[in-house]
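Working notes, beginning with the structure itself.
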Amino acid sequence: MADRRLQVFHAVAKHLSFTRAADALFMTQPAVTFQIKHLEEQLNTRLFERRHGNISLTPAGERVLSYAEKILALTDEMETCVGEMTGEMRGPLLVGASTTIADFILPPVLAKFNALYPQVRVSLFVANSATIESRVAAHAVDVGLIDAPVGLPALASQIFCEDELVAIFAPDYPLASLKSVTPKVLAEHEFISREPGSGTRTITDAYFSKQKIPPESLKTLIELGSPEALKSVVASGLGFAIVSRAVVEKERQLGTLKAIPLKPSLKRSLSLIYPESRFQSRLSSTFIDFAKRQLKEAAL
């Protein structure tokens, strides 16, 4: 409902790329360029510096971005408010999720929610748990789903299910035939780890520490930012990784990776988080209740 030129400008300013903004908006690049040109003509100033194939905001562009964010946020708030007054669930909902949850747990939940409430525009922001927490605390995301303990006091949280983590190996890896594997045994082999800030990394570091094995003493071969990258490296036989059982279910069934339980077992709570002090819209609370039900059922 907001001026299309502001929406296009906001996308270009955030991506600092006409091409990526066009992809995000499902527009052609010439159409994006056209909208920016018209906005610059309307304001009688350049909003972007263009040099050597890169773009950056001019001082005027920085000021326009500040106003654009306020205008777009107010427009979203207006749509949600009017929808609630008329009894219709509508408007934007920005959901943040950690990589594991976004890739392997959340998609069917979002699909079902969209089928029930087609007037709601759900956007999904994917990052590690630490980043999701920060974005929710800054009110940049309405609701977050993370796979690490909540660390910020400004956030309210609700656990929706437990998740078991397992060690994964290539089928011909020396440990792949074990019924279970201990931290002491794992510490003798190359470790393919998630990156710092990842919920999985936080949980595994705490797990090894509790078993008297300092995380820094592990033979960490490489740190990776996604479960898919982790699985690819492990499948090549370079070492082991620790992931959610849900992450490796397809590969386990196909026989391309072996998933071995840890001894002692390693489980974590998956949580919904949202700003504690912020007024919660009916749309946000409806999604939280819906997601909790769906995710609990999926975990049974």
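Scan the stretch 89-101 for residues that are aliphatic (A, V, I, L, M) and at pLDDT below 90 and jot them down.
Looking only at the stretch 89-101, we keep the residues that are aliphatic (A, V, I, L, M), and these are 89, 93-95, 97, 101.
Passing the criteria: Met89, Leu93, Leu94.
Taking strands (runs of 3 or more DSSP E) that fall entirely within the stretch 191-300, which contain at least 1 residues that are within 30 Å of Glu77 (Cβ to Cβ)?
Numbers: elements: 219-224, 241-244, 258-275.
In the stretch 191-300, 258-275 are the strands (runs of 3 or more DSSP E) which contain 1 or more residues that are within 30 Å of Glu77 (Cβ to Cβ).
For the stretch 209-225, what are the residues that are surrounded by 14 or more Cβ atoms within 10 Å (Cβ to Cβ) and within 20 Å of Gly197 (Cβ to Cβ)?
Selection gives Pro215, Leu218, Leu221, Ile222, Glu223, Leu224, Gly225.
How many residues, within the stretch 118-159, are within 13 Å of the chain's Cα centre (by Cα), without any contact (Cβ under 8 Å) to a residue 40 or more places away in the chain and under 22 Å from Arg293 (Cβ atoms)?
Here the count works out to 2.
Within the stretch 223-237, restricting attention to residues that are among the aliphatic types (A, V, I, L, M) and out of contact with any strand residue (DSSP E or B) (no Cβ under 6 Å at 6 or more places or on another chain), which residue is nearest to Asp205 (Cα to Cα)? I'd like the intermediate steps shown before the answer.
So in the stretch 223-237, the residues among the aliphatic types (A, V, I, L, M) come out as 224, 229-230, 233-235.
If we keep only those that are out of contact with any strand residue (DSSP E or B) (no Cβ under 6 Å at 6 or more places or on another chain) too, we end up with 224, 229, 235.
Working: Leu224: 15, Ala229: 19, Ala235: 22 Å.
Residue satisfying both the conditions and the ranking: Leu224.
Is there a residue being assigned by TED's automatic domain parsing to the domain that holds Ile242, assigned to a strand (DSSP E or B) and surrounded by 18 or more Cβ atoms within 10 Å (Cβ to Cβ) anywhere in the stretch 137-147?
So in the stretch 137-147, the residues assigned by TED's automatic domain parsing to the domain that holds Ile242 come out as none.
There is no residue in the stretch 137-147 that is assigned by TED's automatic domain parsing to the domain that holds Ile242, assigned to a strand (DSSP E or B) and surrounded by 18 or more Cβ atoms within 10 Å (Cβ to Cβ).
List the pairs whose first member sits in the stretch 34-49 and is closer than 14 Å to His10 by Cα, whose second member is assigned to a helix (DSSP H, G or I) and of a type in the set (Phe, Trp, Tyr), and whose Cβ atoms are under 6 Å apart, counting only residues at least 6 apart or on separate chains?
From the stretch 34-49, the pairs are Leu39/Phe9.
The values are calculated or read from the model by the stated rules, or taken from the named source; none is laboratory data. Computed from a prediction, not measured in an experiment: that's the story for all the values here. Cβ coordinates were reconstructed from backbone atoms using ideal geometry, including for glycine residues, and neighbour counts include every protein chain displayed.
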